[in-house]
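Enquirer: Quick one: the structure is below, questions incoming.
All of the numbers you see were taken from the coordinates with simple rules; none came from a lab. Computed from a predicted structure; not experimentally measured. In this analysis, Cβ positions are derived from the backbone assuming ideal geometry, glycine residues included, and neighbour counts consider all displayed protein chains.
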Protein chains: 2
Amino acid sequence: MADTSGAPEPSLDEQIAAYQREFQDLDPQVEKVVSALSRLNRRMNVAYGRQTAELGMSNAEWEVLKALVLAGDPYRMGPGDLAKRLGLTPAAMTHRIDRMVAEGLVTRERDENNRVRVIVGITEEGRAKWLEAMRMATVFEEELLQDLSGEERHRLGEMLTRLLRRVEEAQPDAGGRLSDLD
Amino acid sequence: MADTSGAPEPSLDEQIAAYQREFQDLDPQVEKVVSALSRLNRRMNVAYGRQTAELGMSNAEWEVLKALVLAGDPYRMGPGDLAKRLGLTPAAMTHRIDRMVAEGLVTRERDENNRVRVIVGITEEGRAKWLEAMRMATVFEEELLQDLSGEERHRLGEMLTRLLRRVEEAQPDAGGRLSDLD
DNA sequence: GCTTCGAAGTTTAGAGTTGAAGTCTTCAGG
DNA sequence: CCTGAAGACTTCAACTCTAAACTTCGAAGC
């Protein structure tokens, strides 16, 4: 447990001032956007982590449930596809599924038609926990954005998707790893 | 045999449609902002990871160097403070410093005045690598924002800091964990 | 001075991940 | 059939992080 007491994180502006002090050719406006994005994301993950912990699971497990639900109708996927979707190795997926089967969140069976394949499905309990996590997440997200008008939300979403498009075409390979399935 | 390889990540809009299909009371505008933020951050970390790898280090090591440089003049900190700043446990910090000392990026010495304390400092090589990483990072960040006008950058930064302020007051405890020092 | 307490780091055990090697199944030739 | 190659997952060893126990030093009290 990281002891967060003391040594307060510098404010965004303090930090940007420090960057400018040590690295002259830095555009403070760019840095402000990038640093705010990074910090915001960190805080969001902390919030999600607390919520999933309340349901007795981890963010990692939540992401598997998300992938299965979002996959749609049969709500089943192979470990390999899940691994690609979450950006981790098949080995990690094997272990993660082991744990989740033990906890009753998902099922694992062999495909009858092709006995090499394995199929992971979501259980009733898994779906219920996903739903509850979604409820908590949307409450948090609405609070997060409460200071922005409808018009502002629209503009913010539009700008972010523009940035996303730009970086996605610069990184065509999905570049998995560091997951954080959204 | 549908070549399922790739299992391409669904586009943002596809994913939001999936969310709406499975969870009716969801505000698509909110979800768009949140998901774009999350994806953007993931892509940024991938980009930084490639750059630091080019310099023969990891993002984790880069973050230690950042903390030391941003700390200012003597460019030294104790492992405990570093750990707080990066949001990890003192134990993890001990190991990380071990590796970085072995790689010649930082130094570790005992404080003369108080022999319980340890002081971590940055080496010439460490500073040089930090500088080179900063150069690469700023090039990437400028490319990322190239589609936004100065006015748009300003508005984006302002909105993000507003969100950040909101979440920071909801999570007064710095909430370390999941570091990603910005 | 001696003892006790608190602070700062390190060590240890356990969870989760990666990359590489291994297993099992399917499919295409020969 | 039998063999070899490819695919899908699992197993194994090494690594990094967390939580908790431990060590050491410094500061008070008595």
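Enquirer: Could you pull out every residue, at least 5 positions away or on a different chain, whose amide H is within less than 5 Å of the one on B:Ile122? Hs are placed 1.01 Å off N in the peptide plane, and Pro or chain starts have none.
Expert: Correct list: B:Thr107.
Enquirer: Also: With springs only between Cα atoms under 10 Å apart, run a GNM on chain B and tell me which of B:Glu61, B:Glu109, B:Glu22 wobbles the most.
Expert: Of the options given, B:Glu22 has the highest mean-square fluctuation.
Enquirer: A further question on this structure: For A:Lys129, which lysines qualify as cross-link partners when the Cα separation must be under 21 Å and same-chain residues fewer than eight apart are set aside?
Expert: A:Lys66
Enquirer: Right, something else. Which far-off residues, 5 or more places away or on another chain, put their amide H under 5 Å from the one on A:Arg117, with H placed in the peptide plane?
Expert: When sequence neighbours closer than 5 places are left aside, the close amide H contacts are A:Asp111.
Enquirer: Could I ask something else about it? Extending each Cα 7 Å along its Cβ direction at A:Arg165 and A:Val139, get the distance between those two points in nm, one decimal.
Expert: Simple spin-label model gives 3.6 nm for this pair.
Enquirer: Next question, about the same structure. Please list, short to long, the whole-number percent of alpha-carbon pairs of the protein assembly as shown in consecutive 20 angstrom bins beginning at zero.
Expert: 27, 56, 16, 0
Enquirer: What FRET efficiency comes out for the pair A:Ser58/A:Arg21, r = Cβ-Cβ distance, R0 = 45 Å, nearest 0.05?
Expert: Calculated transfer efficiency: 0.70.
Enquirer: Which of the listed residues, B:Ala102, B:Asn41, B:Gln20, is farthest toward the dipole's positive end in chain B, when Lys, Arg count +1 and Asp, Glu count -1 at the beta-carbon?
Expert: Farthest towards the positive pole: B:Ala102.
Enquirer: Something else about it: Can you give the FRET efficiency for B:Glu112 and A:Asn113, using 1/(1 + (r/R0)^6), R0 = 56 Å, r = Cβ-Cβ distance, to the nearest 0.05?
Expert: The pair B:Glu112/A:Asn113 has a calculated efficiency of 0.20.
Enquirer: HN-Hα J couplings of region A:72-77 from phi, Karplus 6.51/-1.76/1.60, θ = phi - 60°, integer Hz, Gly and Pro as x?
Expert: 3J(HN,Hα) across region A:72-77, in whole Hz: x, 2, x, 6, 9, 8.
Enquirer: Give, in whole angstrom and from largest to smallest, the semi-axes √(5λ) of the equivalent ellipsoid of chain B, with λ running over the eigenvalues of the Cα gyration tensor.
Expert: 37, 20, 18
Enquirer: Quick one: Karplus J couplings for region B:135-140, per residue in order, coefficients 6.51, -1.76, 1.60, θ = phi - 60°, nearest Hz, x for Gly and Pro?
Expert: 4, 5, 5, 5, 4, 4
Enquirer: Also: Please list, in order along region A:158-170, the HN-Hα scalar couplings obtained from phi with the Karplus expression 6.51 cos²θ - 1.76 cosθ + 1.60 (θ = phi - 60°), rounded to whole Hz, x for Gly and Pro.
Expert: Each residue's phi maps through the Karplus curve to give 5, 5, 5, 5, 5, 5, 4, 4, 4, 6, 5, 7, 7 Hz.
Enquirer: Can I ask one more? Explain nothing, just the number: dipole magnitude of chain A about its Cα centre with +1 on each Lys and Arg Cβ and -1 on each Asp and Glu Cβ, in debye rounded to the nearest 20.
Expert: Rounded to the nearest 20 debye, it is 660 debye.
Enquirer: Say the dipole of chain B comes from +1 at the beta carbon of Lys and Arg and -1 at that of Asp and Glu; which of B:Ala92, B:Gln29, B:Val118 then lies farthest toward its positive end?
Expert: The residue sitting farthest along the positive end of the dipole is B:Val118.
Enquirer: Could you give the dipole magnitude of the protein assembly as shown about its Cα centre, charging the beta-carbon of Lys and Arg +1 and that of Asp and Glu -1, in debye to the nearest 20?
Expert: Using Cβ point charges on Lys, Arg, Asp and Glu, the protein assembly as shown gives about 860 debye.
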